[in-house]
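Scroll down for the structure; my scribbles are underneath it.
The values are calculated or read from the model by the stated rules, or taken from the named source; none is laboratory data. All values derive from a computational prediction rather than experimental measurement. Don't worry about glycine lacking a Cβ; one is built from the backbone with ideal geometry, like all the others, and counts go over all protein chains shown. Quick note on the areas: whole protein, heavy atoms, side chains included, nothing else; ligands and nucleic acids left out. Shrake-Rupley method; radii C 1.70, N 1.55, O 1.52, S 1.80 Å.
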Amino acid sequence: MKKIIALTLLLASLLALFACGKKDYPPVESTEAEKRVVMTLSIDGDVYEVKYELYRAFFLTYKSEVDGGDASVWTGESKDEYIEEIDERIIDRITEIYSAFALCKRIGFDIYSKDVEKKIEENIRVSVEGGSYGNAAIEGFDSYEDYLEALRSMYLNYSVQTLLFRYAIAVDAIDTYYIGTASSDDIDVNITVGKLEYTKEDVKEFYDSDDCVRVLRASFQKQISYTPLEKAENLKATLEAAAATSDTLEQMEKSVLNAIMGSGLYSNAAEIKAGYVIGKYNLERSYYGDMTDAAFDLEIGEVSAPIEIVTDVEDAYYVLYRSYKSDEHFEENYESIRYVYLMNCVGKISYDVSEQLEDSVIYTDVLKNINHSKIGM
């Protein structure tokens, strides 16, 4: 499936699900304070104005991670260090959003078209009323006011949630433009879809390069244990012990594989056996940056420290074992590897645009004069 969209603010309960219906829920105007411009980004001759309401949403989301629950750091002697640290995270997320908007303009997709506006309205309606899409169910709210209050509890207002819906639609349009409907389980290995042109040799070159690693993954949802980190550390020790019992890479992989299967801590037996291929850019960094970094930091035969992953759909620990790549593995798993290659290409395109936007950041006096200890809803 396509990469998880980086709605870092955990919109699982509100996320876009399309349904038919008229516009029943009027927009809520942001306050003048919320509409203040805190920074600008520029690329391709366009300037994007970032408003306080978006900065606030990300600041409040990351605040406790940065200050460790000690709000006094935002007024202490080292406050500038904390502000710099949180701004790095915020800018990463903001440039991720606006890179999608910039790319949509490049590919000719209008993110403000009538169709996009209709989708956003439909998303809001289903989020408020509840409903279903495929196997997913949305519970909904008793009223529109309750929905808006739920947004507020997640540090969002109407304008920011609309921006994030627009971003989600933009990301989907970009993926469709570049890779079409290709997925990891396409049968025709020679199929070429979207605007990305490639050959099997291109995919093999990627697979063999240092930009691609193969791992075995063991994971579990934190809710299954009262002491999930301790459980993850024990899992790491188990995999290390399994790897240490063998002399060759082939034997090590079998031992680690058996240890993972024996633990019962897996949900996809096919993936466990085939391993998991990761490129430098195919996974959404907002969610899986730590996993990507860990995979590339490992030497073949090494086991990672526990990696905490929190997304819209999971709150889990992962432990990775860096495995080897082979021609046999490539041939047996070409379809899924090709999809990683395609998503890695799109991810690299998006990453490059984000980097350009990050280099263009200019803070306004509004942001320079903000008292971070006072930021709140």
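The figures follow:
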| quantity | calculated |
| --- | --- |
| Computed over the chain, the ratio Rg/Rh where both radii use C-alpha atoms and Rh is Kirkwood | 0.98 |
| FRET efficiency for Met261 and Asp352, using Cβ-Cβ distance with R0 set to 41 Å, rounded to 0.05 | 0.55 |
| Distance in nm between pseudo-label sites at Glu240 and Glu271 (7 Å out along the Cβ direction from Cα) | 2.5 |
| Over region 227-349, volume per residue of the alpha carbon convex hull, in Å³ | 112 |
| The chain: angle of helix 144-153 to the longest principal axis, Cα-based, in degrees nearest 10 | 60 |
| Listed peptides 338-348, 26-36, 55-65 by packing density, highest first (mean Cβ within 10 Å) | 338-348, 55-65, 26-36 |
| Theoretical gain in end-to-end length, Glu149 to Glu84 [0.36 nm per residue, Cα-Cα removed] | 20.4 nm |
| Where the chain is the region considered: accessible area per residue in Å², 1.4 Å probe | 50 |
| Estimated distance in nm for a label pair at Asp359 and Ala305, the labels positioned 7 Å out from Cα along Cα-to-Cβ | 3.2 |
| Stretchable slack from Glu332 to Glu49, in nm (0.36 nm times residue separation minus alpha-carbon distance) | 97.1 nm |
| Distance in nm between pseudo-label sites at Glu139 and Glu201 (7 Å out along the Cβ direction from Cα) | 5.6 |
| Charge dipole magnitude, Cβ of K and R +1, D and E -1 - the chain, Cα centre, debye nearest 20 | 820 |
| Portion, in percent, of the accessible area of the chain that falls on carbon or sulfur, probe 1.4 Å | 47 |
| Under the Debye formula (equal points on every Cα, no solvent term), log10 I(q)/I(0) of region 106-174 at q = 0.15 Å⁻¹ | -0.55 |
| Neighbourhood charge, 12 Å Cβ-Cβ cut-off, centred on Arg56 and excluding it, Lys, Arg +1 and Asp, Glu -1 | +4 |
| Cα radius of gyration and Dmax for region 158-309 (Å) | 18.5, 59 |
